[in-house]
Amino acid sequence: PAREAALIEQIKARLIEENAVIVAHYYTSPVVQALAEETGGCVSDSLEMARFGNEHPADTLVVAGVKFMGETAKILTPEKRVLMPTLEATCSLDLGCPIDEFSAFCDQHPDRKVVVYANTSAAVKARADWVVTSSIALEVAEHLAEQDEKIIWAPDQHLGDYVRRESGADIIMWDGACIVHEEFKARGIADLKAVYPDAAVLVHPESPAAVLEHADRVGSTTQIIRAAMEMDNKQFIVATDQGIFYKLQQMAPDKEFIIAPTAGEGATCRSCANCPWMAMNDLETLARVFDQSDNEIFVDPALGERAMVPLTRMLDFAA
Ligand code: CIZ
Ligand code: SF4
C-alpha cells in the first residue's frame, strides 16, 4: 500500500508536468480506473475513449487499454502524443485479422460493404467502409440492411452472428474471437441461475450464441452498466471482463454482481474473465510511461488518413 500510494503520487505529478491525461478502459484494474477518474481522465468503452481523447485539450494521451485503442486515438488526433504503458497490450481479435489476408478476403467480395470492429489494426480500419464498436454494431448493420447493402463482418464471429440474427442483414464473416468472452459457458450460467433465481443475466455479444440464449440483456459494456442501473433486480450474473465490476459497483452500489463461469467443473480457462492484455496496464507501467522510448504510438500518416474516414463515420453515426 505504501508503494502503491507513492506510485500514484508520482503518476499524478507527471501527468501535470507533461500536460497529459489518462484514457482508461472499463476492463483495466480498479486501481487504474480510480486513478484515471481522480486525475480528470476517462473510464469508458472504446467508443467513448475515442471521443474523449479527440475532444480533450491535453497534449499527451496516456491510453490505458490495448493497442487498437491507442492507434484509434492517434488516428483521430495525429498532432497529439499517444503513449501506452506497453505496446505489447494487444487483442486476440486484432492479432487474428492480419491486413494482407483480410484485404485479399475483401477483394473476393467487392460487392459488399466492409464493416470492421474497433478491435483491429489501423491498416484493417483503413481497408473498411465502417468501423463499429459493440455499442453501435447492431444499429449500423440495421442501417446497412435497410439500404440493401451486403456486409463483410470482421473480426468477431460471435458479435457478427448476433448482429446477423438480430438485424437479418446479409453477412459473411471473418473467423475471429475474443479469448475472454469465448470462454463463458452456457451450462455454467444455467447452474448459477439455479443458485440465484432472481438474478438477471447480462451478456456481452462477443460471447458464444449458447451463452447469449441465457441473457436477459445483451449489450456492450456501457449498455451492461446501464441495464444494471435500470433493472429492478438486486443481483446480476455478468458475462464480460471482470474489470467492469469497478464501474458496476460504483454506479449501482446496492446491487450484487456475480461473474459468469468461464469453465466447467475441473477445467481451466486461458483468460478467466480477465483480459491478459488489459492487465498489462498497472501502476508500475503507468509510472514509467513518460520515461520509455518504446511505448509511443505511431501510425503512418497516409494510412491514418484513410482509417480516419470510417472512424469519423462511426463517431458521427453514434452522435
Ligand atoms: O472487448 C473489448 O475489448 C471491448 C468491449 C471493447 C470496447 O468496445 O469497449
Ligand atoms: Fe481483445 Fe477480448 Fe481483451 Fe477486449 S477483452 S481486448 S476483445 S482479447
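Values in this text are rule-based calculations from the coordinates and carry no lab data. Quick caveat, the model's predicted, so the values are computed rather than measured. Note that we place each Cβ from the backbone using ideal geometry, even for glycine, and neighbour counts take in every protein chain shown.
Beta carbons within 10 angstrom, averaged per residue: use that to sort the peptides 29-36, 297-304, highest first. The partial results should precede the final answer.
Numbers: 29-36: 20.6, 297-304: 15.4.
Listed from highest to lowest mean packing, they are 29-36, 297-304.
If the cut-off is a Cα-Cα distance under 19 Å, which aspartates and glutamates reach Lys80, setting aside same-chain residues fewer than 8 apart in sequence?
Correct list for Lys80: Glu17, Glu18, Glu48, Glu55, Asp59, Glu71, Asp291, Asp294, Glu296, Asp300, Glu305.
Under 17 Å Cα to Cα from Lys247, which lysines show up? Leave out anything in the same chain fewer than 8 places away.
Lys234, Lys255
For the chain, which longest stretch is free of loop sites, where a loop site is one of the GluC sites (Glu not before Pro) that DSSP puts outside H, G, I, E and B and that has at most 11 other Cβ atoms within 10 Å?
Details: sites that count: Glu79, Glu265.
In short, 80-264.
Put +1 on the Cβ of every Lys and Arg and -1 on every Asp and Glu Cβ in the range 103-148; which of Phe105, Ser121, Ala141 then has its Cα farthest towards the positive end of the dipole?
Highest projection toward the positive end goes to Ser121.
Direction-averaged shadow area of the convex hull around the Cα atoms of the range 1-112, nm²? It would help to have the intermediate numbers written out before the result.
Values: hull surface 34.0 nm².
Averaged projected area of the range 1-112's Cα convex hull equals 8.5 nm².
Hey, what's the per residue convex hull volume over the C-alpha atoms of the range 57-167, in cubic angstrom? Write out the running numbers ahead of the final one.
Details: hull volume 12.9 nm³, N = 111.
About 116 Å³ per residue, rounded to a whole number.
Taking a ≥ b ≥ c as the square roots of the Cα gyration tensor eigenvalues, with a/c under 1.5 meaning rounded and otherwise prolate when a/b beats b/c, else oblate, which class fits the chain?
Values: a/c = 1.75, a/b = 1.05, b/c = 1.67.
Here the chain falls in the oblate category.
Could you name the aspartates and glutamates in cross-link range of Lys150, using Cα to Cα under 17 Å and dropping any fewer than eight places away on the same chain?
Cα-Cα hits under 17 Å: Asp107, Asp111, Asp129, Glu139, Glu142, Asp161, Glu166, Asp170.
Nearest 20 debye, what's the magnitude of the dipole of the range 188-319 about its Cα centre given +1 on Lys and Arg Cβ and -1 on Asp and Glu Cβ? Kindly include the intermediate steps, with their values, before the conclusion.
Numbers: 10 positive and 19 negative charges, 52 e Å.
The dipole of the range 188-319 has a size of about 240 debye.
Please state the shape class of the range 134-197: rounded when a/c is under 1.5, otherwise prolate if a/b exceeds b/c and oblate if not, all from the C-alpha gyration tensor.
The shape class here is prolate.
Tell me what the chain gives for mean residue ellipticity at 222 nm when only DSSP H runs of n ≥ 4 count, each as -39,500 (n - 2.57), the sum divided by the residue total, rounded to 500 deg cm²/dmol. Walk me through the numbers on the way to the answer.
Numbers: 15 runs with 138 residues, N = 319.
Roughly -12500 deg cm²/dmol at 222 nm, from the helical runs in the chain.
When N is the residue count of the range 215-319, what does its C-alpha Rg come to as a fraction of 2.2 N^0.38 Å?
Numbers: Rg = 18.7 Å, N = 105, 2.2 N^0.38 = 12.9 Å.
In units of the 2.2 N^0.38 Å rule of thumb, it is 1.45.
Please work out the FRET efficiency for the pair Ala34 and Asp191, using the Cβ-Cβ distance as r and a Förster radius of 41 Å; give the result to the nearest 0.05.
On the way: r = 33 Å, r/R0 = 0.80.
Rounded to the nearest 0.05, the efficiency is 0.80.
Kindly identify the range 132-264 as rounded, prolate or oblate by the Cα gyration tensor criterion: order the square roots of the eigenvalues as a ≥ b ≥ c, call it rounded if a/c is under 1.5, otherwise compare a/b with b/c, prolate if a/b is larger, else oblate.
Details: a/c = 2.22, a/b = 1.69, b/c = 1.31.
Because a/c hits 1.5 or more and a/b exceeds b/c, the range 132-264 counts as prolate.
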